[in-house]
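Novice: Please read through the structure below; I'll follow up with questions.
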Amino acid sequence: MACIELDNVVLDYPVRPHRRLTLKDFVLQRVFGREPGPSVVRALNGISLRIEEGERVGVIGRNGAGKSTLLRTIAGIYPVARGSRRVDGRVCSLFDIAVGFEPEATGWQNIHYRAYLQGESPKIVQAKLRAIGDFSELGEFLELPLRCYSTGMTLRLAFSVATSTEPEILLLDEFFSTGDLGFQKKGELRMRDFLDRARIVLMVGHNLTFLEKFCDRVLWLHQGWIRADGPTAQVLSEYRHAMTAAVAA
Amino acid sequence: MRRNLELFWSYVCGIWRLRFFWLSLVRNDLNNRYSRSFLGIGWSLVRPLAMTAVFCVVFAHLFQVNWREYAPFVLLGLTVWQFLTETILNGCDAFTRAAPYIRQQCVPMAIFPLRTVLGAGFHAIIALGLAVVLVWWLKGVDVAVVVCSLVPAVVLLFFLGWFLAIVCGVLHTHFYDTRHILEIGMQILFYLTPILYHPDSLPGQRHLLSWLEWNPLTAVLEIVRRPVLVGEWPLWAHYQMSLALLGLAAVSAIWSLKRRERTLVFWI
């Protein structure tokens, strides 16, 4: 049984100028006892939730509320500072779908890399290679290095590869249909099928209409804590009211 | 203890599960390196040969040695040194280069330094093969015996390179100066390790000889050189010192991954 359980999870995100400690900072800190100014942002603050098999959960909130951090914490990418995280089931995380491609490799080669990153074997990739290529509608462009692709074409390829997996727990960050209008229609159908195949889906998004269509439960995050958690219609209604009030103020 | 062993085993299984991923990255790195060049992979042969030729012209005369003895000696030394330098310096960027993958999925971080060491290892194996052929041509040694006695040395070098790349990668992720310091350090160490000269060619240099005796890289070089140049198994003392260095590198790599692996994502 796939399941996600977070108990009072706290996540501190260290922030430093230039993101790294330089030798100068280190010497200042250790020898002269001067703090070079590292600071910690509390990205998640006491998050407790349980998501059972079959649930389709949307995550909403303003920018910086901790939505993407929550997904990355569930995926095991970010370590929790306090509390506990239990995830039963194979996690398939799709964040920044256009990132992580090899620009010098061809479209076909990139399909392989993406699939291998998700733990697939060459036999499985080979079996669905043609289907992925056909769905992307990139035709002969798949023979070219990725650096020759437009952004839309790269996104199309990424979408085609990502939605070809068999996920147990699916984590999506702003990952919806992409490309031109014709591809968007096709992409939405593919997305629906993809979401149906997963046992648990957790998706972050600002497209509330999309969440209304696909989710039966929504979490509203605010400054690292859960402000509301409940049925989609109810939470989205509260969120819309709050946003309208914020704009009016 | 048992819990730690289980964790270690599941970590190794995680690396194995993703073997197709890191192997395809290595293949891609090699393709990128040579795809648009005229000689392609031939550069892996030409480069060590050209370096050896240059050093032969200069140092064979300087140290008063026969070039037939000196050429394989220096080629082997440069091969091992090039491998270690490449793994250490490129290992510094192993995690930052892999940032898009690290931010995308929870994977064992050791696969990224592994990518570095396999790329460097590919060139080292070609140069090593070249050295064996050169010695066979010049001296007529038994290639089968040489290859067999080289196997433990190659395995040891592979793991040493991997562990060093892990340590340097973790360090560089936190201290941005690491790579610059290591570049200078490796330059100094190059002259303090018997790569271009044999310790026997330095009579009277008591301090330098004493340093060379205790420099573990001398032992690492010897476990590669002796089978090829002399056609005999390396000395046990050289194995011991090399294994001690490997052990130290392994402990440092495991410790740094245990302490820092999960938080590396914040620094890349």
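Every read-out reported here was derived from the displayed coordinates using simple, explicitly stated rules and does not represent laboratory data. The structure displayed is predicted, hence computed values, not measured ones. So basically every Cβ, Gly included, is an ideal-geometry build from the backbone, and we count neighbours across all protein chains shown.
Novice: Scan around A:Ala228 for amide H atoms under 5 Å from its own, H built in the peptide plane at 1.01 Å from N, and keep only partners 5 or more places away or cross-chain.
Specialist: A:Trp220
Novice: Please average, across the residues of A:74-82, the number of beta carbons from any other chain that are within 10 Å of each residue's own beta carbon, and give a whole number.
Specialist: On the way: counts 1, 4, 4, 8, 6, 6, 1, 0, 0.
Mean shielding by partner chains, rounded to a whole number: 3.
Novice: What dipole magnitude, in Debye to the nearest 20, does the protein assembly as shown give about its Cα centre under +1 on Lys/Arg Cβ and -1 on Asp/Glu Cβ?
Specialist: Numbers: 53 positive and 42 negative charges, 128 e Å.
Value, rounded to 20: 620 debye.
Novice: A follow-up question, please. Counting pairs of Cα atoms in region B:156-242, how many percent are more than 23 Å apart? Please report the intermediate quantities before stating the final value.
Specialist: Details: 1294 of 3741 pairs.
Counting pairs separated by more than 23 Å, the tail of P(r) holds 35 percent.
Novice: Taking the alpha-carbon distance from B:Lys139 and a cut-off under 15 Å, which aspartates and glutamates remain once sequence neighbours fewer than 8 residues away in the same chain are dropped?
Specialist: B:Glu69, B:Glu232
Novice: If you don't mind, there's one more thing I want to ask. Averaged across the residues of A:87-97, what count of C-beta atoms belonging to other chains lies within 10 Å of each residue's C-beta? Don't skip to the end; give the middle numbers.
Specialist: Working: counts 1, 0, 0, 0, 2, 1, 4, 2, 4, 3, 1.
Mean inter-chain Cβ contacts per residue within 10 Å come to 2.
Novice: Same structure, new question: Considering region B:39-267, what Rg and Dmax in Å follow from its alpha-carbon atoms?
Specialist: 18.5, 58
Novice: Rounded to the nearest whole Å³, what is the per residue volume of the convex hull around the Cα atoms of region B:69-124?
Specialist: Numbers: hull volume 3.3 nm³, N = 56.
For region B:69-124, the hull spanned by Cα atoms encloses 59 Å³ per residue.
Novice: May I pose another question? Would you mind listing how long chain A runs along its three principal axes, going by Cα atoms, in whole Å with the largest first?
Specialist: Computed over the Cα atoms, the extents are 60, 50, 42 Å.
Novice: Taking each residue in B:99-112, count the Cβ atoms of any other chain within 10 Å of its Cβ, then average. What number comes out? Don't skip to the end; give the middle numbers.
Specialist: Details: counts 2, 7, 4, 2, 10, 14, 14, 9, 4, 0, 0, 0, 0, 0.
Per residue, the average neighbour count from other chains is 5.
Novice: Further, regarding this structure: State the dimensionless ratio Rg/Rh of the protein assembly as shown (Rg: radius of gyration of Cα atoms; Rh: Kirkwood radius).
Specialist: Numbers: Rg = 27.4 Å, Rh = 26.2 Å.
My calculation of the ratio gives 1.05.
Novice: A further question on this structure: Quick check on region B:20-109: take the gyration tensor over C-alpha atoms, sort the square-rooted eigenvalues as a ≥ b ≥ c, and tell me if it's rounded (a/c under 1.5), prolate or oblate.
Specialist: On the way: a/c = 3.88, a/b = 2.28, b/c = 1.70.
In terms of gyration-tensor shape, prolate.
Novice: May I pose another question? Per residue of region A:43-51, what does 6.51 cos²θ - 1.76 cosθ + 1.60 with θ = phi - 60° give for ³J(HN,Hα)? Whole Hz please, x for Gly and Pro, Karplus curve as stated.
Specialist: 7, 10, 10, x, 8, 10, 7, 9, 10
Novice: Scale the Cα Rg of region B:115-180 by the rule-of-thumb value 2.2 N^0.38 Å and send over the ratio, two decimals. List each step's numbers first, then the result.
Specialist: Working: Rg = 16.1 Å, N = 66, 2.2 N^0.38 = 10.8 Å.
My calculation over the Cα atoms of region B:115-180 gives 1.49.
Novice: To continue, here is another question. Could you tell me the number of lysine pairs in chain A with C-alpha atoms less than 26 Å from each other, where the two lysines are 8 or more residues apart or belong to different chains? Don't jump to the answer; show the numbers that get you there.
Specialist: Values: A:Lys67/A:Lys213; A:Lys128/A:Lys185; A:Lys128/A:Lys186; A:Lys185/A:Lys213; A:Lys186/A:Lys213.
Qualifying lysine pairs in chain A: 5.
Novice: Which peptide among B:225-232, B:121-128 comes first, and what is the full order, when sorted by highest mean count of other Cβ atoms within 10 Å? List each step's numbers first, then the result.
Specialist: Details: B:225-232: 18.9, B:121-128: 20.6.
The most tightly packed comes first, giving B:121-128, B:225-232.
Novice: If you take the Cα Rg of region A:148-228 and divide it by 2.2 N^0.38 Å, with N the number of residues, what do you get?
Specialist: Details: Rg = 13.9 Å, N = 81, 2.2 N^0.38 = 11.7 Å.
That works out to 1.19 for region A:148-228.
Novice: Using the scaling law 2.2 N^0.38 Å as the reference, what is the normalised Cα Rg of region B:84-216? Write out the running numbers ahead of the final one.
Specialist: Values: Rg = 18.1 Å, N = 133, 2.2 N^0.38 = 14.1 Å.
Region B:84-216 yields a ratio of 1.28.
Novice: Right, next: Can you give the FRET efficiency for B:Ala237 and A:Ala249, using 1/(1 + (r/R0)^6), R0 = 60 Å, r = Cβ-Cβ distance, to the nearest 0.05?
Specialist: Values: r = 79 Å, r/R0 = 1.31.
According to the calculation, E is roughly 0.15.
Novice: Please report the Cα spread of region A:94-198 along all three principal axes, rounded to whole Å, starting with the longest.
Specialist: 33, 33, 22
Novice: Could you order the peptides B:239-252, B:32-45 from most to least packed, using the average number of other C-beta atoms within 10 Å per residue?
Specialist: Numbers: B:239-252: 16.5, B:32-45: 13.0.
Descending packing order for the listed peptides: B:239-252, B:32-45.
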